[in-house]
Each structure stands twice: as C-alpha cells, then as structure tokens.
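This report concerns only the one structure given below.
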Amino acid sequence: MFALRIIVDERERGSRVPSHLRALGVRVLFKRLTVGDYILSSDCAVERKTARDFVNSVSSGRIFDQARRLAESYSRPTLIIEGDVRIAISTLRAGLRSFYGALAFLWMAYSVATFF
C-alpha cells in the first residue's frame, strides 16, 4: 500500500499542521530544510506563511529571495498564506496594491502557485 510521505522542516514542529497531516494518515518526516517548509515530492515544495508574516516578508523583500530559491530548487514552488489577509494588508504601507503586486510578481517571475 502506498503511504503519502511529506518532509517537514524542523522549525514547523510547533505548528499544528504536522499533527493534522498525521491525522489524515500522512507519514511526516522532520528534517532541517534549507528551502521551503514542506516537501511534497521531488518537484514540489511549499513555503507556509501566516498572512502577517507574508506582509512583513513583502515589506522586507525576504519573500522574493525565498521564492527565487524555491523556484530554483523545485519545478512546482507553492506558497500557502494562512490567516486573515485583510488585517495583514492593512499594515502594509502601500496596502492592497502592494499585496497583490507581490503575489503577481511571485507568480510571473517564479511561477509560485499561491493558496489561501
């Protein structure tokens, strides 16, 4: 029988996501990852951010470096943004345009699929 296996970054241990994955029957393996938070397959990795962290990483430019490294390492880079995006957007200096501009850039420059 095939068992789904996901490699999870050690720094995600405090998240509830790994326990939810286990409850779904997924085999979770923890490793210190240099790129991404979750490796789903040899070609797909996921960077998970809270809405607030995403906004902060847009402001600092950190998300663009993370996306570049993710896209260089995996052909299907993915970003998951958790939480209330509206509250997080309200903290951005440029607001909504900056938020959606960053998402568009991530998709166009690095082919990062984004899910909320």
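Total residues in segment 71-91 satisfying the condition of being open to solvent by less than 50 Å² (accessible area, probe 1.4 Å) and under 18 Å from F116 (Cα atoms): the figure is 7.
Does D43 count as in contact with a Lys or Arg (Cβ under 9 Å, 6 or more places away or on another chain), charged (D, E, K, R) and within 21 Å of M108 (Cα to Cα)? In short, yes.
Looking at this structure, is A67 of a type outside the set (S, T, Y) and at pLDDT below 95? So A67 fails the test.
Within segment 10-58, take every residue that is over 29 Å from I87 (Cβ atoms) and of a type in the set (K, R) and give me the one that is most open to solvent (accessible area, probe 1.4 Å). Ranking the qualifying residues of segment 10-58, first place goes to R32. Of all the numbered requirements in (1) within 21 Å of S15 (Cβ to Cβ); (2) of a type in the set (A, V, I, L, M); (3) out of contact with any helix residue (DSSP H, G or I) (no Cβ under 6 Å at 6 or more places or on another chain), A104 misses one, and that requirement is (1). Can you find even one residue in segment 90-104 that is among the aliphatic types (A, V, I, L, M), in contact with a Leu (Cβ under 9 Å, 6 or more places away or on another chain) and in a loop (DSSP other than H, G, I, E, B)? No, that holds for no residue. Cβ-Cβ contacts under 8 Å between residues 6 or more apart (or on different chains), taken from a first residue in segment 41-63 that is closer than 13 Å to E12 by Cβ to a second residue that is modelled with pLDDT of 90 or more and of a type in the set (K, R), are listed as A45/R76.
The values are calculated or read from the model by the stated rules, or taken from the named source; none is laboratory data. What you see is a predicted model, and the numbers here were worked out from it, not measured in a lab. A quick note on method: Cβ atoms are made from the backbone with ideal geometry, for glycine too, and the neighbour counts reach across all protein chains shown. The accessibility values were calculated without ligands, DNA or RNA, using every heavy atom of the protein model including side chains. Shrake-Rupley method; radii C 1.70, N 1.55, O 1.52, S 1.80 Å.
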